[in-house]
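Structure record follows, encoded as structure tokens.
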Amino acid sequence: MSLAADHSRLARVVVTAPIDKPLDYAVPEDLQERLRIGSRVRVPLGRRQAVGFVVELPETSGQKLKPVAELLDSAPLFTARHAEFYRRAAAYYAYPVGEAFRTALPAGLSGKGQAPPVLSETLYRPTGQAPNLRGERQKQIFDFVCAAGEASLAELKALLPAPYQALQRLVALGALQVQEVERLRDPFAREAVLPHVNLALNTAQSAALQSLEHTLMTGAFATFLLHGVTGSGKTEVYLRAAAACLDRGRQVLVLVPEIALTPQLVGRFRSWFQERAVRLAVLHSGLSDGERFDAWRSIARGDVEVVIGARSAVFAPLPEPGLIIVDEEHDASYKQSEGFRYNARDLAQLRGQMEGATVLLGSATPALTSYQRSRAGQVHALDLPERIADRPLPAVELVDLSKTGLETLLSKPLQEAITETLAAGEQALLLLNRRGYAPFLLCHDCGATCRCPNCAITLTFSRTQNSLRCHYCDFRLPPPEVCAGCGGARMMPEGAGTERLEEELRSVFPEARIARMDRDTTTRKGAHARLLDRVATGDIDILTGTQMIAKGHDFPRVTLVGVLNADGALNLPDFRSAERVFSLLTQMAGRAGRGVLPGRVLIQTYDPENTTLQQVARHAYFEFAEVELDQRELLGYPPFGYLVNLVLAGNDLQRTGAAADLLAERLMAKNGSVEVLGPAPCLLAKLRGKNRFQILLKSTQRQPLRALLDHLPELRKQLAAGITLTIDVDPLDMV
Ligand code: ADP
Ligand code: ZN
């Protein structure tokens with residue numbers, strides 16, 4: 001699109017600043033030809049300058065505008081359709097549009113600094129002429145380049161030392177031509193790809209695939225919910241649906257909860273598509289800014305056909321995605337928990353709608369919102385009700401802790417089960433969803449605990465690090481010798497975390513090879529992969545850890561799964577606690593008995609009569625969902641109602657409380673049918689030194705809630721100085 005001078009246009013720019021709308025700028029003469037939608041620019045903003053992105057180039061109506069100061073990259077970063085998607089996402093989550101773009105685009109593009117440099121390399125190709133060559137070196141190089149078709153200077157340097165002079169000579173003789181080309185950083189260049197095994201689909205898999213193929217052929221938007229029990233072979237369906245989409249000339253986007261925790265799925269995609277010479281990009285948090293920038297640009301140019309990534313990959317600029325897969329769609333990590341609080345699963349559907357793409361949500365435990373939509377016929381249900389090869393789901397037992405008497409973390413039945421598993425040379429996974437040694441230190445004289453000075457929470461005790469630590473703000477303290485309250489010397493760890501479990505396992509099973517996987521043991525790059533690899537190769541007998549160990553892993557020799565304590569999570573004051581527990585325990589149980597050996601699951605609890613636990617034990621997803629949905633409907637909770645959580649935070653308790661009261665009053669005055677609940681102190685009433693209050697907006701209709709949200713920018717401006725307002729649309733956690 002060139003901009004003729006007599007048809008002059010203005011640039012509508014989304015600026016990376018907390019502003020709710022794009023701003024208009026004049027396009028200076030020298031940029032008229034070069035500015036595009038998707039161009040990154042520098043623009044004046046008040047007295048400073050800011051980075052922004054051109055989202056529209058409408059004709060000017062002649063008003064006087066400040067000009068765009070500078071065009072920052074040669075190529076645009078996205079198209080008008082991507083821009084529209086990002087803008088609608090920002091609007092939906094009531095987040096400043098420029099900040100939303102900043103989140104969507106690769107890091108390093110929005111700040112004051114430069115974009116990562118575009119790398120280049122020197123390539124040599126044969127010209128087709130074969131002059132008489134003198135000298136062994138020249139011949140050797142020439143033959144190598146001819147055989148390879150082309151070779152880079154780097155490759156030739158690896159072939160023989162200091163080839164430069166000989167190369168220059170070959171170019172001068174007209175035997176080789178030389179060219180500088182862009183070189184993309186490839187984080188996978190050195191990673192081996194496993195050979196792909198071709199499997200014949202079973203009946204359920206084939207039926208699911210057929211429905212998908214049918215819709216992919218039409219090129220119209222549709223959403224599918226693939227509900228497949230653990231080990232039912234969902235990945236195989238993803239792969240073939242992806243291949244069908246590629247056949248139609250459109251690209252595939254695959255979202256996974258966390259790349260580091262899904263190396264097997266990523267590996268299967270890589271081997272399947274590598275075999276078909278399909279270009280694939282994996283976006284993950286371990287990429288450098290440069291790698292990310294390169295991946296983004298090659299995706300935008302249409303050079304990549306399959307993109308796999310976590311949450312933020314939903315924004316990847318695929319020119320024409322035809323299939324968007326959301327694996328483990330129930331997973332809470334699709335929701336960003338700070339800043340731009342989008343849910344990638346939900347945005348995948350918006351994107352699918354805008355692109356006319358097929359959206360495939362997959363899970364063994366679909367989110368109740370997704371299940372309700374399939375029950376209501378808004379999405380197509382695909383079912384894989386059985387495990388591959390008629391393998392049974394594992395037997396689940398609830399171990400009543402009040403009966404077994406628990407001096408240690410491991411009940412007798414669980415200890416015995418571990419002993420048997422080890423004796424058979426099989427593996428066990430043990431879940432304890434809390435890291436550290438103990439959640440707090442308690443003074444056995446006066447009952448005092450050690451609390452975080454910045455957050456309303458006790459400090460977690462870590463024995464390996466010999467420290468007390470806040471898991472929210474990272475405040476650290478050496479464990480005190482005596483109680484600060486009474487001076488007593490009996491400060492003792494209370495409750496249990498993964499460290500304590502690991503210690504106990506080591507003393508009860510001294511011969512076993514034991515490892516722990518939680519956020520503390522996986523801070524180093526590649527640590528997840530190494531641990532999972534060791535389980536896969538049989539190097540570990542018992543893996544203990546937090547919910548990280550429950551995610552999608554497929555280890556055929558794991559026959560025992562133990563859950564140390566199911567009760568804590570069930571009793572959280574959150575209407576979703578049952579859903580979370582059901583899903584975590586079902587996923588966890590699903591790790592057992594995936595190979596030819598049958599699996600067994602033991603769940604320790606003080607409440608074996610608990611309905612949710614019983615449903616887990618019976619693998620009764622549908623029953624669980626029906627009962628839970630009835631309750632939600634009664635109470636008007638999602639998916640039968642819509643929620644927005646507003647959090648006010650400030651240094652001063654009184655002033656923050658007063659601001660919250662005032663905001664609630666003003667919201668009430670603006671509104672008709674939306675329930676304005678609160679304000680009340682947040683569950684975490686103090687976080688990083690700020691006092692926090694929440695106001696929950698609840699409505700059975702989306703429309704009135706949207707209307708009320710539209711007032712928030714104006715109400716935000718009226719807040720007292722120093723008080724911040726966070727808006728969380730469709731909140732998942734209310735902490
Ligand atoms: P899910 O994601 O549903 O838990 P996976 O896709 O990981 O299940 O599949 C479980 C196991 O079954 C994997 O090891 C996979 O290779 C195998 N598998 C999948 N489909 C088939 C099939 N049609 N025939 C044989 N094995 C299969
Ligand atoms: Zn803290």
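Name the residue, out of 13, 43, 54, that is over 29 Å from residue 285 (Cα atoms), touching a residue at least 24 places away in the same chain (Cβ under 8 Å) and not hydroxyl-bearing (Ser, Thr, Tyr).
Step by step, each of 13, 43, 54 is checked, and only 43 is over 29 Å from residue 285 (Cα atoms), touching a residue at least 24 places away in the same chain (Cβ under 8 Å) and not hydroxyl-bearing (Ser, Thr, Tyr).
What are the residues in the stretch 599-617 that are crowded, with 24+ Cβ neighbours inside 10 Å and among the polar types (S, T, N, Q), if any?
Of everything in the stretch 599-617, just one residue is crowded, with 24+ Cβ neighbours inside 10 Å and among the polar types (S, T, N, Q), namely 604.
I want to confirm something. Restricting to the stretch 375-421 and keeping residues that are surrounded by fewer than 20 Cβ atoms within 10 Å (Cβ to Cβ) and polar (S, T, N, Q), which single residue is nearest to residue 513 (Cα to Cα)?
This residue is 419.
Please pick out the residue among 236, 213 that is closer than 26 Å to residue 555 by Cα, in a helix (DSSP H, G or I), more than 16 Å from ligand 2 (Cβ to nearest atom) and charged (D, E, K, R).
236
Restricting the stretch 581-598 to residues that are more than 18 Å from residue 228 (Cα to Cα) and touching a residue at least 60 places away in the same chain (Cβ under 8 Å), which is surrounded by the most Cβ atoms within 10 Å (Cβ to Cβ)?
Result: 597.
With 252, 229, 256 as the choices, which residue is within 19 Å of residue 324 (Cα to Cα) and within 16 Å of ligand 1 (Cβ to nearest atom)?
Working: 252 fails: within 16 Å of ligand 1 (Cβ to nearest atom); 229 fails: within 19 Å of residue 324 (Cα to Cα).
Among 252, 229, 256, only 256 is within 19 Å of residue 324 (Cα to Cα) and within 16 Å of ligand 1 (Cβ to nearest atom).
Anything in the stretch 119-172 that is in contact with a helix residue (DSSP H, G or I) (Cβ under 8 Å, 6 or more places away or on another chain), β-branched (Val, Ile, Thr) and outside any helix (DSSP H, G or I)? List them, or say none.
Correct list: 122 only.
Determine which member of the set 77, 72, 109 is over 27 Å from residue 178 (Cβ atoms), touching a Leu at 6+ places or on another chain (Cβ under 7 Å) and in contact (Cβ under 8 Å) with a residue 12 or more places away in the chain.
None of the other options fit; the residue is 77.
Which of the helices (runs of 4 or more DSSP H) found entirely inside the stretch 638-717 contain at least 3 residues meeting this: over 20 Å from residue 20 (Cβ atoms) and in contact (Cβ under 8 Å) with a residue 12 or more places away in the chain?
653-670
Here's a check for you: in the stretch 647-700, which residue that is touching a strand residue (DSSP E or B) at 6+ places or on another chain (Cβ under 6 Å) and among the basic types (Lys, Arg) is nearest to residue 474 (Cα to Cα)?
In this case the residue turns out to be 690.
Going by what's in this entry, would residue 239 be described as within 13 Å of ligand 1 (Cβ to nearest atom), more than 30 Å from residue 617 (Cβ to Cβ) and at pLDDT 95 or above?
Judged against the criteria, residue 239 is a match.
For the stretch 362-453, which fully contained helices (runs of 4 or more DSSP H) count at least 2 residues that are among the small types (Gly, Ala, Ser)? Can you show your working first?
On the way: elements: 368-375, 401-404, 412-423.
Once the helices (runs of 4 or more DSSP H) in the stretch 362-453 are filtered for at least 2 residues that are among the small types (Gly, Ala, Ser), what remains is 368-375, 412-423.
Residues are listed down the side, and each one gets a yes or a no for (1) under 30 Å from residue 598 (Cα atoms); (2) of a type outside the set (Gly, Ala, Ser); (3) touching a Ser or Thr at 6+ places or on another chain (Cβ under 7 Å):
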{"site": "426", "(1), (2), (3)": "yes, yes, yes"}
{"site": "441", "(1), (2), (3)": "no, yes, yes"}
{"site": "487", "(1), (2), (3)": "no, no, no"}
{"site": "504", "(1), (2), (3)": "yes, yes, yes"}
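Out of the residues in the stretch 274-292 that are crowded, with 16+ Cβ neighbours inside 10 Å and touching a Lys or Arg at 6+ places or on another chain (Cβ under 8 Å), which is farthest from residue 236 (Cα to Cα)? First the steps, then the outcome.
Keep residues of the stretch 274-292 that are crowded, with 16+ Cβ neighbours inside 10 Å, which gives 274, 278, 280-284, 287, 290-292.
Narrowing further to those that are touching a Lys or Arg at 6+ places or on another chain (Cβ under 8 Å): 280, 282-283, 290-291.
Values: 280: 17, 282: 19, 283: 21, 290: 33, 291: 29 Å.
Looking at residues that are crowded, with 16+ Cβ neighbours inside 10 Å and touching a Lys or Arg at 6+ places or on another chain (Cβ under 8 Å), I get 290.
Consider the stretch 283-315. How many of its residues are farther than 19 Å from residue 118 by Cβ and at pLDDT 90 or above? Break it down stepwise before answering.
Just the residues of the stretch 283-315 that are farther than 19 Å from residue 118 by Cβ, to begin with: 284-286, 305-315.
Filter again for at pLDDT 90 or above, leaving 305-315.
Final tally of qualifying residues: 11.
Just name the residue that is nearest to the chain's Cα centre (by Cα) out of those in the stretch 464-489 that are modelled with pLDDT of 90 or more and of a type in the set (D, E, K, R).
Here the answer is 469.
Tell me which residues, restricted to the stretch 525-545, are surrounded by 19 or more Cβ atoms within 10 Å (Cβ to Cβ) and either modelled with pLDDT under 90 or not small (Gly, Ala, Ser) (or both).
The answer is 528, 531, 532, 535, 540, 541, 542, 543, 544.
Scan the stretch 145-164 for residues that are farther than 23 Å from residue 182 by Cβ and surrounded by 14 or more Cβ atoms within 10 Å (Cβ to Cβ) and report the count. Walk me through it before giving the result.
Of all residues in the stretch 145-164, those farther than 23 Å from residue 182 by Cβ come to 146-147, 160-162.
After this cut, where a residue has to be surrounded by 14 or more Cβ atoms within 10 Å (Cβ to Cβ) as well, the list is 146.
Number of matching residues: 1.
The values are calculated or read from the model by the stated rules, or taken from the named source; none is laboratory data. Computed from a prediction, not measured in an experiment: that's the story for all the values here. For neighbour counting, all protein chains shown are included, and Cβ atoms are generated from backbone atoms with ideal geometry for every residue, glycine included.
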